[in-house]
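The values are calculated or read from the model by the stated rules, or taken from the named source; none is laboratory data. Please read all numbers here as calculations on a predicted model, not as lab measurements. So basically every Cβ, Gly included, is an ideal-geometry build from the backbone, and we count neighbours across all protein chains shown.
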Amino acid sequence: MTDYQGYLSFLISALETQNKKQIPLSESTELVADIGLSSLEVMEFIEKIEDHFDISIPLNILPDVSTVGDLALKVQELNP
Amino acid sequence: MLFDKFQTMADFQAELAERGVTPFGAVTEKILSSTEGVVEGRQVILAGTNNYLGLSYDKRCIAASQAAAERWGTGTTGSRLANGSFAEHQALEREIAEFYAVNHAIVFSTGYAATMGMCATLAGPGEVILMDSDSHASIYSGVQLSGADIIRFRHNDPEDLAKRMRRLGDRASSTLIIAEGIYSMLGDVAPLQEIAAVKREYGGYLMIDEAHSMGVLGETGRGAAQAAGVEADVDFIAGTFSKSLGSIGGFCVSPHAELEAIRFCIKAYIFTASSSPSVIASTREALRIVSAEPERRTKLWDNANRLYQGLKDLGLPVGPTASPVIAVQMENRSRTIDCWKALMEAGVYVNLVIPPASPSTNFLLRNSVSAAHSSAQIDTIIAAYAGLKQAGLFDSQQAS
């Protein structure tokens, strides 16, 4: 079982390859506004998380996800 | 501000206007035949129309349409649920069901309404939709309205679909799986034998959108499911009349008797006016021609293979296999617009596609082939691309 901090650490680590602006990443970093991910890149990132944790992340959660922390919480909910 | 989010599009429109190109909403001023017209003041070969069997200008379809307008008037002025169900609509429903060898069919006013309406209605809150990631916008719009949990599987990847069905556990048996026959932008065909096998293993329901494959694939033109020999595994087939059948409208057919109840739950069916009888009449005639003249499919594929091979021989980045939809993939937006403009100047109209309408970050010069194209027209299209290549417009343009 992974706790919130564990999910957050994984997400931050996984985001480094898509962090073209090389900004410092934290739970408050916004995926689109700060990192500049396109909608296609967001979906590629989601697939990376799905493969790692062997879960499926419904598209329905995306409107509630803005920051890396938001996403870590959602992944924790889906993979308790 | 309310309009801020449209600024990027407004800037792009301004850029196109400054460059003197009109790839989006280019006005067709005159239709000369199924494959030629005058677009934005230029006489061009139409190579971006989805008119796969060349029936949009068929004299028999036109005559059927004219006769129906005389008999029924210009419109129904109401929805199918109210005053808009004419005998023509019911006849087309019988005939499209017979065409697909099933007992149940719904006719919609557009193809978009058919797929969007079915996707919005079949699965609901607490249920799951598993959809191909490259699905058409009408499918995305529909599933978002459904209230179901929406999960994507990787494009044309049955193993990824199986993995996600496994993760669903007990929920898999009531899951709606959605794929297309031929995908509209790149022309690639879904691996339906493998997708159907996943459905057989885990259960669930399978819906196939045959918008670009009806009339194009299969022994009698029923589409990709027929070509793959998996029709028995398909619960719902949706499609359109606006491509191979040359008119406008959409349909869903199913072996399930429940489709008759579902019909009355689809907002896109209930709350819109039914198709004009003249449209329905030409569609009926076109459907008859699809069955009666299979040689049109043969000619379509001859043309598709000729264009595909011609573009491939030029070294252009086209897909892995021939298809009536052949997209040249580009990485640079400005260069792609230059190519579109040069093709128009060479007398060839194709579709310019930019993300997110394309399924990746690539830009597309999307060609669609018709059975009505002559071999000489296909060669002219190839020659136009050769001219672009000679002019250096494809330099440093590798496929991604």
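What tally of residues in the range B:244-261 results from selecting those that are surrounded by 24 or more Cβ atoms within 10 Å (Cβ to Cβ) and under 20 Å from B:Ala120 (Cα atoms)?
Selection size over the range B:244-261: 6.
Restricting to the range B:312-324, name every residue that is surrounded by 22 or more Cβ atoms within 10 Å (Cβ to Cβ) and either in a helix (DSSP H, G or I) or among the polar types (S, T, N, Q) (or both).
B:Ser323
Can you pull out the residues in the range B:339-398 that are among the hydroxyl-bearing types (Ser, Thr, Tyr) and either part of a loop (DSSP other than H, G, I, E, B) or surrounded by 15 or more Cβ atoms within 10 Å (Cβ to Cβ) (or both)?
Across the range B:339-398, the qualifying residues are B:Tyr349, B:Ser358, B:Ser360, B:Thr361, B:Ser368, B:Ser370, B:Ser374, B:Thr380, B:Tyr385, B:Ser396.
Let's see how each residue does on (1) closer than 15 Å to B:Thr110 by Cβ; (2) within 12 Å of the chain's Cα centre (by Cα); (3) not small (Gly, Ala, Ser):
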residue: B:Asp209; (1), (2), (3): yes, yes, yes
residue: B:Val216; (1), (2), (3): no, yes, yes
residue: B:Arg222; (1), (2), (3): no, no, yes
residue: B:Ala225; (1), (2), (3): no, no, no
residue: B:Asp233; (1), (2), (3): no, no, yes
residue: B:Ser247; (1), (2), (3): yes, no, no
residue: B:Cys252; (1), (2), (3): yes, no, yes
residue: B:Pro255; (1), (2), (3): no, no, yes
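Identify, from the list B:Phe99, B:Phe86, the residue that is in the same structural domain as B:Pro255 (by TED's automatic domain parsing) and within 24 Å of the chain's Cα centre (by Cα).
B:Phe99
Checking the structure you have, find out if any residue of the range B:72-92 is touching a residue at least 40 places away in the same chain (Cβ under 8 Å), basic (Lys, Arg) and either buried (at least 19 other Cβ atoms within 10 Å of the Cβ) or touching a Ser or Thr at 6+ places or on another chain (Cβ under 6 Å) (or both).
Yes, there is a match, as at least one residue in the range B:72-92 is touching a residue at least 40 places away in the same chain (Cβ under 8 Å), basic (Lys, Arg) and either buried (at least 19 other Cβ atoms within 10 Å of the Cβ) or touching a Ser or Thr at 6+ places or on another chain (Cβ under 6 Å) (or both).
Hey, could you check the range A:28-65 for residues that are acidic (Asp, Glu), outside any helix (DSSP H, G or I) and more than 10 Å from chain B (Cβ to nearest Cβ) and say which is nearest to B:Leu168 (Cα to Cα)?
In this case the residue turns out to be A:Glu30.
Wholly within the range B:115-231, which helices (runs of 4 or more DSSP H) include no fewer than the required count, namely at least 3 residues that are over 17 Å from A:Leu59 (Cβ atoms)?
Numbers: elements: B:137-146, B:158-168, B:192-202, B:224-228.
Answer list for the range B:115-231: B:158-168, B:192-202, B:224-228.
Residue-by-condition table, conditions (1) within 20 Å of B:Ile106 (Cβ to Cβ); (2) in contact with a Ser or Thr (Cβ under 9 Å, 6 or more places away or on another chain); (3) not aliphatic (A, V, I, L, M):
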site: B:Gly142; (1), (2), (3): yes, yes, yes
site: B:Arg154; (1), (2), (3): no, yes, yes
site: B:Arg167; (1), (2), (3): no, yes, yes
site: B:Gln193; (1), (2), (3): no, no, yes
site: B:Glu201; (1), (2), (3): no, no, yes
site: B:Gly229; (1), (2), (3): no, no, yes
site: B:Lys243; (1), (2), (3): yes, yes, yes
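Being surrounded by fewer than 23 Cβ atoms within 10 Å (Cβ to Cβ), more than 10 Å from chain A (Cβ to nearest Cβ) and either closer than 23 Å to A:Ile46 by Cα or touching a strand residue (DSSP E or B) at 6+ places or on another chain (Cβ under 8 Å) (or both) is the filter here; which residues of the range B:147-175 pass it?
Of everything in the range B:147-175, those that are surrounded by fewer than 23 Cβ atoms within 10 Å (Cβ to Cβ), more than 10 Å from chain A (Cβ to nearest Cβ) and either closer than 23 Å to A:Ile46 by Cα or touching a strand residue (DSSP E or B) at 6+ places or on another chain (Cβ under 8 Å) (or both) turn out to be B:His155, B:Asn156, B:Asp157, B:Pro158, B:Glu159, B:Ala162, B:Gly169, B:Arg171, B:Ala172, B:Ser174.
Determine whether A:Ile55 is surrounded by fewer than 17 Cβ atoms within 10 Å (Cβ to Cβ) and within 21 Å of B:Arg154 (Cα to Cα).
yes
Being of a type in the set (A, V, I, L, M, F, W, C), within 14 Å of chain A (Cβ to nearest Cβ), crowded, with 19+ Cβ neighbours inside 10 Å and more than 19 Å from B:Ser282 (Cα to Cα), is that true of even one residue in the range B:106-119?
For the range B:106-119, residues of a type in the set (A, V, I, L, M, F, W, C), within 14 Å of chain A (Cβ to nearest Cβ), crowded, with 19+ Cβ neighbours inside 10 Å and more than 19 Å from B:Ser282 (Cα to Cα): present.
Are any of the residues in the range B:275-292 in contact with a Pro (Cβ under 7 Å, 6 or more places away or on another chain), assigned to a helix (DSSP H, G or I), in contact (Cβ under 8 Å) with a residue 60 or more places away in the chain and buried (at least 18 other Cβ atoms within 10 Å of the Cβ)?
no
Just one of the numbered conditions (1) part of a loop (DSSP other than H, G, I, E, B); (2) of a type in the set (Ser, Thr, Tyr); (3) more than 30 Å from B:Gly124 (Cα to Cα) is not true of B:Ser242; which one?
Condition (3) is where B:Ser242 drops out.
If I filter the range B:228-243 for residues that are among the hydroxyl-bearing types (Ser, Thr, Tyr), crowded, with 24+ Cβ neighbours inside 10 Å, modelled with pLDDT of 95 or more and under 30 Å from B:Leu364 (Cβ atoms), do I get at least one hit?
Yes: one or more hits.
Out of the residues in the range B:193-212 that are in contact with a Gly (Cβ under 8 Å, 6 or more places away or on another chain) and within 27 Å of B:Pro355 (Cβ to Cβ), state the one that is farthest from the other protein chains (Cβ to nearest Cβ).
So the residue we want is B:Glu210.
Restricting to the range B:303-312, count the residues that are in contact (Cβ under 8 Å) with a residue 40 or more places away in the chain and more than 19 Å from the chain's Cα centre (by Cα). First the steps, then the outcome.
Residues of the range B:303-312 in contact (Cβ under 8 Å) with a residue 40 or more places away in the chain: B:303-304, B:306-307, B:310-311.
Imposing the further condition that a residue be more than 19 Å from the chain's Cα centre (by Cα) reduces the set to B:306-307, B:310-311.
Total meeting the criteria: 4.
List every residue pair whose Cβ atoms sit under 8 Å apart, with the two residues 6 or more apart in sequence or on different chains, where the first one lies in the range B:344-364 and is within 14 Å of chain A (Cβ to nearest Cβ) and the second, anywhere, is assigned to a strand (DSSP E or B) and among the β-branched types (Val, Ile, Thr).
B:Phe363/B:Val353
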